[in-house]
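Beneath this line is the structure, given in structure tokens, with notes to follow.
Nothing in this text is a laboratory measurement; each read-out follows from the coordinates by a stated rule. Because the structure is a prediction, the values reported are computed rather than measured. Cβ coordinates were reconstructed from backbone atoms using ideal geometry, including for glycine residues, and neighbour counts include every protein chain displayed.
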Amino acid sequence: MAADVHNKGVTWDAPNGSLVPVDRLRSERSDSPTPGLVQGTEPGAGQEHAMFMHAQSFEDLAAESESNPDSDQAEDQSVLGESQEASEKEGEEEEQRGGAEPEEEQKDQPEENQKQHQKQKQEVQTGVRGKEEDVTSEAWRRHRKHVFVLSEAGKPIYTRYGTEEALSTTMGVMMALVSFVEAEKNIIRAIHADGCRVVFLHKSPLVLVGVSQSSQSDRELSRELQYVYYQIVSLLTLTQLNHIFQHKQNYDLRRLLAGSEHLTDSLLRLLDRDPGLLLNAVMSLPLSSSARDVVSTSLQAAKAKSLVFSILLAGNRLVTLVRKKDQYLHHMDLHLLFNLVGSSSSFREGEGWTPICLPKFNTAGFFHAHISYLEPKSDLCLILVSTDREDFFNLSDCKRRFLERLRKRSAYQALQEAVQTPTYPVSQVGIPELWHFVYKSKSSGLYTSPELPVPYQKEEEHERLIGLYRYLHSCLHHPTRPLRSVYRCGDTENLFAWVSTITTAAFNKQV
Amino acid sequence: MTAMRVDAKVVMLGKESVGKTSLVERYVHHRFLVGPYQNTIGAAFVAKPINVGDKVITLGIWDTAGSERYEAMSRIYYRGARAAIVCYDLTDSSSFLRARFWVKELQTFEEHCKIYLCGTKNDLIKADRSARQVDYHDVTDFADEIGAQHFETSSKTGNNVDELFMKVAEDFSNSAFELMPEEKGVDLGQKKDSYFYSCCHN
Ligand SMILES: Nc1nc2c(ncn2[C@@H]2O[C@H](COP(=O)(O)OP(=O)(O)OP(=O)(O)O)[C@@H](O)[C@H]2O)c(=O)[nH]1
Ligand SMILES: [Mg+2]
């Protein structure tokens with residue numbers, strides 16, 4: 001497919017290497033309670049030329065950095081998402097990674113913990129943030145994973161459970177620990193005590209602290225903290241964060257983050273439950289390749305000058321992604337977009353138009369995302385990412401054209417049917433006794449996984465299953481002795497994980 | 001389907017959780033969503049045709065997020081607006097201070113934009129008079145001073161909501177002739193340069 005989806009000839013250079021348009025003048029605004037934001041990086045500053053300054057920054061990609069997603073593919077655009085069935089796996093030629101399977105690890109899970117899970121579950125179900133919680137209570141202490149974000153002045157910015165105010169002393173102590181160690185030109189990474197791991201991540205101007213009672217490693221926890229850090233950056237940009245704290249060290253950042261706490265909450269839940277965040281991959285919607293081709297071509301045809309990424313989602317599954325030539329969307333940024341859409345009903349109310357920083361792309365500036373559902377009751381959500389904050393109506397028109405084109409094809413019918421049945425039973429792959437698997441295609445950054453069978457449907461079992469995958473994943477990607485395959489027998493399930501140049505799969509068989 | 005045609009740009013402004021989204025929901029979809037409050041992210045756009053006399057006018061309504069995080073970009077939403085519905089919550093006095101901020105902002109940058117002050121959630125006041133935190137006469141005085149219209153609405157009961165938007169559409173319809181040649185409809189592509197020169201904080 002020939003493909004530059006978007007028009008050529010646009011140059012994206014940053015003449016003065018700065019985000020601020022050279023000749024921008026100042027003008028008075030009414031008094032605002034918000035302290036001065038950096039000119040040119042305030043949400044919405046159009047930064048067309050600056051946007052592509054640093055291509056991708058993969059520098060702090062978690063341990064296993066991925067090769068450039070399909071950079072060597074002939075097409076200028078990549079269409080992600082293939083229907084993955086067992087039979088197709090054999091044919092894949094890329095190196096892949098697989099998750100893993102459950103096994104008995106209940107020993108590590110005292111009954112208390114189980115109760116805790118149930119409690120968490122209730123909170124989630126009622127959609128109430130555990131904000132009212134008493135931070136001195138046993139119940140609060142027993143949460144399996146706490147996450148705190150604070151400023152370098154020790155001011156609370158976010159806590160997963162309880163209120164920030166109630167935790168200001170605790171956070172002050174955390175900051176004291178960090179600065180005490182740093183005063184000696186050292187970095188505090190983790191403290192292990194009393195069955196708890198306390199992991200620190202200092203990403204100036206923020207300090208993130210995770211406290212976990214699970215079996216997760218420090219590395220994994222630290223990676224999760226990174227996600228939270230990027231979540232915050234995606235709302236404000238790093239430039240703006242730095243600017244704010246340079247001007248006012250003890251600024252209360254919660255003011256600017258107000259209303260976004262549920263995004264971080266939901267991101268943390270995803271981290272607990274979605275193997276994609278572990279695998280650096282997103283889940284694809286099973287769909288026949290012919291139908292997907294039609295969807296992708298229609299999406300490609302709906303171009304606009306400022307459009308960089310067009311993403312079609314079905315719930316939390318990717319249908320297709322079209323990108324501008326030479327621009328890549330990092331999986332972390334994609335997860336942040338998924339999380340934004342998945343945790344806000346606000347986009348159902350019309351066409352959303354919001355600034356968003358994709359921190360793995362560029363922490364300094366905002367893109368503008370046009371977010372809308374294809375039809376009012378549909379799960380199909382289209383995200384159009386643009387460099388131009390003035391371009392709303394053009395993007396809105398792109399959506400209209402895409403939908404118009406799609407409606408004329410029978411593929412639309414196929415797509416809608418696929419959305420009705422986004423999952424498949426594990427039996428479909430035809431391996432007897434297989435309970436569950438996760439399969440990732442490394443080249444495409446996609447994974448597929450069947451629906452959770454009975455033993456794993458309960459919330460705590462689901463999280464236990466993810467814990468088992470995490471374990472297998474950590475064996476395959478051990479920093480010093482990575483394994484190519486793992487097999488482990490347990491009381492309730494056997495685990496198998498395999499990294500292969502041909503195929504990777506992870507199985508979970510009944511004993 | 002043809003490309004979207006919008007006659008009048010209308011922007012909803014006001015502190016978070018005062019009920020801007022609920023007002024639009026009520027007006028456009030005739031419903032009130034109960035359940036946990038979901039703050040708007042960025043802004044949401046809906047186009048809504050409305051009959052005024054024998055004409056159909058399409059209002060392009062921008063429901064903005066009240067969060068301070070988006071304040072600095074608010075200009076892209078209200079720029080070129082013909083009407084601004086500045087909302088405050090009748091049960092929250094701080095929301096009225098915020099409304100004054102928006103009024104000042106509009107007066108400075110959008111002199112052609114008509115302002116409608118809208119006190120929301122009046123069902124709460126009707127249920128319990130002591131819940132009122134913003135004095136009716138203070139607001140009418142302020143409205144007179146700035147030449148704005150004033151409404152008190154409830155998105156829960158629907159009270160006064162249609163009237164508000166009807167008034168917006170009528171006023172637009174009546175004034176449209178005067179301003180037509182210069183600025184018609186909404187074209188975000190226009191005036192880009194002037195925008196760049198004036199959108200920043202200090
Ligand atoms: N009783 C009552 N509650 C209302 C009314 N309008 C809104 N609310 C409630 O107020 C809360 C906030 O409403 P929204 O419409 O989401 O507020 P918003 O102004 O859009 O908030 P942001 O998007 O954050 O700026 C919700 O819980 C609504 O249910 C009303 O007329 N009566
Ligand atoms: Mg809203």
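Each residue of region B:90-101 is assigned a 3J(HN,Hα), and the resulting list reads 4, 9, 9, 5, 5, 5, 6, 4, 5, 4, 4, 4 Hz, derived from the Karplus form 6.51 cos²θ - 1.76 cosθ + 1.60 (θ = phi - 60°), x at Gly and Pro.
Here, region A:138-271 is characterised by an Rg to Rh ratio of 0.93, where Rg is the alpha-carbon radius of gyration and Rh the Kirkwood radius.
Rounded to the nearest Hz, the phi-derived 3J(HN,Hα) couplings of region B:76-87 under the Karplus curve 6.51 cos²θ - 1.76 cosθ + 1.60 (θ = phi - 60°) are 5, 7, 9, 5, x, 5, 8, 8, 10, 9, 8, 9, where x marks glycine and proline. For the set A:Lys325/A:Lys442; B:Lys15/B:Lys104; A:Lys303/A:Lys325; A:Lys248/B:Lys104, the pairs lying more than 18 angstrom apart at their alpha carbons are A:Lys325/A:Lys442; A:Lys248/B:Lys104.
What value, in deg cm²/dmol to 500, does the helix sum -39500 (n - 2.57) over DSSP H runs of n ≥ 4 give at 222 nm once divided by the residues of chain B?
Numbers: 7 runs with 75 residues, N = 202.
It lands at -11000 deg cm²/dmol.
Let me know the shape class of region A:350-408, please: from the alpha-carbon gyration tensor, a ≥ b ≥ c as square roots of the eigenvalues, rounded when a/c is under 1.5, otherwise prolate if a/b is greater than b/c, or oblate. Prolate is the answer for region A:350-408, as a/c is 1.5 or above and a/b outweighs b/c.
DSSP assigns beta bridges within region B:8-172; of those with both partners inside it, close to 30 percent run antiparallel.
Amide H contacts under 5 Å for B:Asp89: B:Ser95, B:Phe96, B:Thr120, restricted to partners 5 or more places along the chain or on a different chain, H placed in the peptide plane at 1.01 Å from N. Could you tell me which of rounded, prolate or oblate describes region B:6-114, using a ≥ b ≥ c as the square roots of the eigenvalues of the alpha-carbon gyration tensor, with rounded for a/c under 1.5 and, failing that, prolate when a/b is larger than b/c and oblate otherwise? In terms of gyration-tensor shape, oblate.
In terms of its alpha-carbon gyration tensor, region B:136-180 comes out oblate; a/c meets the 1.5 threshold, while b/c is at least as large as a/b. Residues in region A:366-374 carry Karplus couplings, in order, of 9, 8, 10, 10, 9, 10, 7, 8, 4 Hz; the curve used is 6.51 cos²θ - 1.76 cosθ + 1.60 with θ = phi - 60°, and Gly or Pro positions show x. For A:Met283, the residues whose amide H sits under 5 Å from its own are A:Leu318, A:Tyr447, ignoring neighbours fewer than 5 places away on the same chain, with H placed 1.01 Å from N. In plain terms, the residue of A:Val294, A:Val322 with the fewest other Cβ atoms within 10 Å comes first and the most crowded comes last, giving A:Val294, A:Val322.
Please express the Cα-Cα pair-distance distribution P(r) of region A:282-420 as a list of whole percents, one per 10 Å bin, running from 0 to the bin with the greatest distance. Per 10 Å bin, starting at zero, the Cα-Cα P(r) for region A:282-420 comes out as 12, 47, 36, 5, 0 percent. The residues neighbouring B:Glu163, those whose beta-carbon lies less than 14 Å from its own, together hold a net charge of -2 under the Lys/Arg +1, Asp/Glu -1 convention.
Counting pairs of Cα atoms in region B:9-53, how many percent are more than 17 Å apart? For region B:9-53, the share of Cα pairs beyond 17 Å comes to 37 percent.
How about region A:164-221: which trypsin sites (Lys or Arg not before Pro) there are in a DSSP loop, with at most 11 other Cβ atoms within 10 Å of their Cβ? Each step should come with its number before you reach the end.
Values: sites: A:Lys185, A:Arg189, A:Arg197, A:Lys203, A:Arg219; in loops: A:Lys185, A:Arg189.
Sparse-neighbourhood loop trypsin sites (Lys or Arg not before Pro): A:Lys185.
Which ordering of B:His30, A:His478 is given by a fewest-first count of other beta-carbon atoms within 10 Å? Ranked by crowding around the Cβ, least crowded first: B:His30, A:His478.
Determine Rg/Rh for chain B; Rg is computed over alpha-carbon atoms and Rh is the Kirkwood hydrodynamic estimate from the same atoms.
Details: Rg = 16.4 Å, Rh = 17.3 Å.
That ratio is 0.95, to two decimals.
Put simply, the amide H of B:Ser155, placed in the peptide plane, has neighbours under 5 Å in B:Lys121, B:Asn122, leaving out anything fewer than 5 places away on its chain.
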